[in-house]
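All remarks here apply to the structure that follows.
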């Protein structure tokens, strides 16, 4: 009997593979470790959520959202999501694809019917929604003066906020709705993201964190007057966790659409073949399954999300500090316990914890 069990187990591994093993979370120990970590690094506030088996198993807020007024951070403290806006917009667009409102591979130029940003380069006529979501448009991240196309669209990966703004203009034109209306309708309301917005609302100011630079100086408060598909989302760690859970459980997208989202569209590293980009997310092929991930980087705010779809596990964290990405590896080690190649690709200097004296 024991032999048969071992044989079956071996066959199961070879045929189906195993999902990433979830790390056991000791909540008291984890809270102490993170309190110590942000204290050592000098990060005023951190809010986080850990997902296992498709459920939030740990959620906690640390530190002060406003150092000057000594305001403590809590579960409804709102942080700038920065580029974590992009995956939310990507899912919104993919829902429009499912509804037949926009096509992934039809040139965006055909929908807009005007010379976007006065671009005379004929390659503008080839850029599609798929290229925007996989960052292969040829646009720079942000223009210096005039917006230009730097290479043949679809030829290679080049991260671009400009591409998302272009796609925003198209979906707003063809739907007759603003981006914040679309995201609220397609994402926020259906899954209960009650503390998330794309446009600053004065009513949420008292619950929003202030941002701080690397010297712990306060940065200017970001108050987006209009939605920007690349970076304007304001949210909480728990709200973003609801979004990740909805993706893990296919509650927002049809199975075939989700499969496309999490399938490699383009390699992003010449060193690491395991790193690629899907539709809206970075991807890393791990030992037993693929992780999807993204980060956010606004002045005074840094945040990070990484998740495993098969095993339904994830880490989400937000900080109000320019030092926030320096603890990325430590945060993943403490919660997921898995080494990733993406650290080197993202190229944020990682904090080395102090060694305890013997």
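Each value in this text was obtained by applying a stated rule to the coordinates, not by laboratory testing. All of these numbers come straight from a predicted model, not from anything done at the bench. Here the Cβ is made from the backbone with ideal geometry for all residues, glycine too, and neighbour counts use every protein chain on show.
Figures for the structure shown
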{"item": "Per-residue Cβ neighbour rank within 10 angstrom, fewest leading, 134, 158", "result": "158, 134"}
{"item": "The chain: Cα Rg divided by the 2.2 N^0.38 Å rule of thumb", "result": "1.01"}
{"item": "Expected-Rg normalisation [2.2 N^0.38 Å, Cα atoms] applied to the stretch 306-358", "result": "1.27"}
{"item": "Choice from 243, 222, 164 showing the highest fluctuation, given a GNM over the chain with Cα pairs closer than 10 Å", "result": "222"}
{"item": "Neighbour-count order for 64, 261, fewest beta carbons within 10 angstrom listed first", "result": "64, 261"}
{"item": "Value of Rg/Rh across the stretch 26-95 [Cα atoms, Kirkwood radius]", "result": "1.05"}
{"item": "Inter-part distance where the stretch 293-358 and the stretch 248-270 are each reduced to a Cα centre, Å", "result": "22"}
{"item": "Choice from 151, 62, 188 with maximal GNM fluctuation in the chain (Cα, 10 Å cutoff)", "result": "151"}
{"item": "Stokes-Einstein D for the stretch 205-279, Kirkwood Rh over Cα pairs, 10 °C, 1.306 mPa s (µm²/s)", "result": "99"}
{"item": "Whole-angstrom gap from the stretch 204-238 to the stretch 104-172, using each part's C-alpha centre", "result": "27"}
{"item": "Of 42, 63, 138, the one that fluctuates the most in a GNM where the chain has Cα springs shorter than 10 Å", "result": "42"}
{"item": "Fewest-first ranking of 101, 306, 119, using other Cβ atoms within 10 Å as the exposure measure", "result": "101, 119, 306"}
{"item": "Net length gained if the chain between residue 352 and residue 220 were fully extended (0.36 nm per residue, minus Cα distance)", "result": "44.6 nm"}
{"item": "DSSP bridge pairs, the stretch 17-346: antiparallel proportion in percent, nearest 5", "result": "95"}
{"item": "Normalised contact order of the stretch 17-346, rounded percent, pairs of Cα under 8 Å and 6 or more residues apart", "result": "25"}
